[in-house]
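Trainee: Have a look at this one before I ask anything.
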Amino acid sequence: MAAVNTDIRNMNILSLLKKNPLIYAATCHEEFVRAANGAPDVLFLLKSELNSLKKTVSYAHDRGKKIFVHLDLCDGLGTGDAAVSFIADHIKPDGVISTKLSTIKAAGEKGLVTVYRVFLIDSQGVKTAMGTVKKSNCDFVEIMPGIALRQISEFAALGKNLIAGGLIETREDAEAALKAGAVAVSSSSKILFS
């Protein structure tokens with residue numbers, strides 16, 4: 001299947017993030033509802049259940065929010081091509097998050113904006129992630145933890161749109177990650193959104 005061009009959707013997300021680079025990363029329903037009714041323009045739904053996902057995505061869209069679903073953490077859903085097709089065709093989020101390149105590739109082909117999430121746990125992990133990111137065709141790369149400022153700068157040199165996520169708990173953390181080269185930060189810290 002030929003890849004669907006996500007450049008226009010990606011530019012839309014980028015323009016929103018330039019205005020407001022804070023992405024709320026909701027880990028439960030109550031957090032999601034608060035964020036959907038609050039200031040963030042972009043939401044990451046980190047934990048979800050398939051049986052309520054369409055309603056959740058519609059709730060965000062009805063409030064003018066862009067929503068990304070973490071496919072690896074959706075109860076009742078796999079991450080294969082059929083799962084990605086189902087999400088794209090029936091749930092219709094703006095994008096997806098995954099740690100699996102095959103999921104990212106399939107989602108991109110279905111026209112979804114993609115966030116490839118990488119965890120930097122040691123030097124070898126950074127080296128491996130750099131190689132993988134270079135080869136990936138994702139729209140965004142989420143670097144975790146988001147306080148790994150030197151590594152954010154190194155990944156920024158690859159020319160990818162970076163999101164810093166994980167352990168971003170203060171405005172200073174967020175500002176430092178943005179200064180290091182991230183286009184946005186994702187966090188569930190209430191301090192950043194008050």
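Trainee: Is it possible to state the helix-based mean residue ellipticity at 222 nm for the chain, with each DSSP H run of 4+ residues giving -39500 (n - 2.57), the sum divided by total residues, to the nearest 500 deg cm²/dmol? What is it?
Mentor: Working: 8 runs with 80 residues, N = 194.
Computed mean residue ellipticity for the chain: -12000 deg cm²/dmol.
Trainee: Using a ≥ b ≥ c from the Cα gyration tensor of the range 100-184 (square roots of the eigenvalues), is it rounded, prolate or oblate, where a/c under 1.5 gives rounded and otherwise the larger of a/b and b/c decides, a/b for prolate?
Mentor: On the way: a/c = 2.00, a/b = 1.49, b/c = 1.34.
It is prolate, given that a/c is not under 1.5 and a/b is the larger ratio.
Trainee: If contacts are Cα pairs under 8 angstrom and at least 6 residues apart, what is the relative contact order of the range 96-172 in percent?
Mentor: On the way: 111 pairs, mean separation 19.6, N = 77.
This gives 25 percent for the range 96-172.
Trainee: Hey, another quick one. Could you calculate the contour length gain from Val33 to Asp122, that is, 0.36 nm times the residue separation minus the distance between their Cα atoms, to one decimal place in nm? Spell out each step's value before the answer.
Mentor: On the way: separation 89, 0.36 × 89 = 32.04 nm, distance 3.53 nm.
Net length gain for the segment: 28.5 nm.
Trainee: Could you grab the relative contact order for the range 136-194? Cα pairs under 8 Å, six or more apart, rounded to a whole percent.
Mentor: Working: 102 pairs, mean separation 20.4, N = 59.
Here the relative contact order equals 35 percent.
Trainee: Taking 8 Å as the Cα distance limit and 6 or more residues as the minimum spacing, I'd like the relative contact order of the range 50-157 as a percentage.
Mentor: Numbers: 138 pairs, mean separation 21.1, N = 108.
About 20 percent, as a whole number.
Trainee: Next question, about the same structure. Under 20 Å Cα-Cα from Lys47, which lysines qualify once same-chain neighbours fewer than 8 residues away are excluded?
Mentor: Lys55, Lys65, Lys66, Lys92, Lys100, Lys190
Trainee: Within 10 Å, count the other beta carbons around each residue, average over each peptide in 60-67, 121-128, 158-165, and list them highest first.
Mentor: Values: 60-67: 17.1, 121-128: 11.5, 158-165: 21.9.
So the order, starting with the most tightly packed, is 158-165, 60-67, 121-128.
Trainee: Ignoring ligands, DNA and RNA, please state the percent of accessible area on the range 1-79 from carbon and sulfur, probe 1.4 Å. Intermediate results must be reported in sequence, preceding the final value.
Mentor: On the way: 2280 of 4140 Å².
The computed percentage sits at 55.
Trainee: I would also like to ask the following. Please list, or write none, the aspartates and glutamates whose alpha carbon is within less than 18 Å of the alpha carbon of Lys110, excluding same-chain residues fewer than 8 places away.
Mentor: Asp7, Asp72, Asp81, Asp89, Asp94, Asp139
Trainee: Residue-wise, which Karplus ³J(HN,Hα) couplings in Hz belong to the range 144-157, taking 6.51 cos²θ - 1.76 cosθ + 1.60, θ = phi - 60°, and x for glycine or proline?
Mentor: 10, x, x, 9, 7, 5, 4, 5, 4, 4, 5, 5, 4, 5
The values are calculated or read from the model by the stated rules, or taken from the named source; none is laboratory data. Small disclaimer: the values here were computed from a predicted structure and weren't measured. Every residue, glycine among them, receives a Cβ derived from its backbone with ideal geometry; neighbour counts consider all protein chains shown. Only protein heavy atoms, including side chains, enter the accessible area calculation; ligands, DNA and RNA are left aside. Shrake-Rupley method; radii C 1.70, N 1.55, O 1.52, S 1.80 Å.
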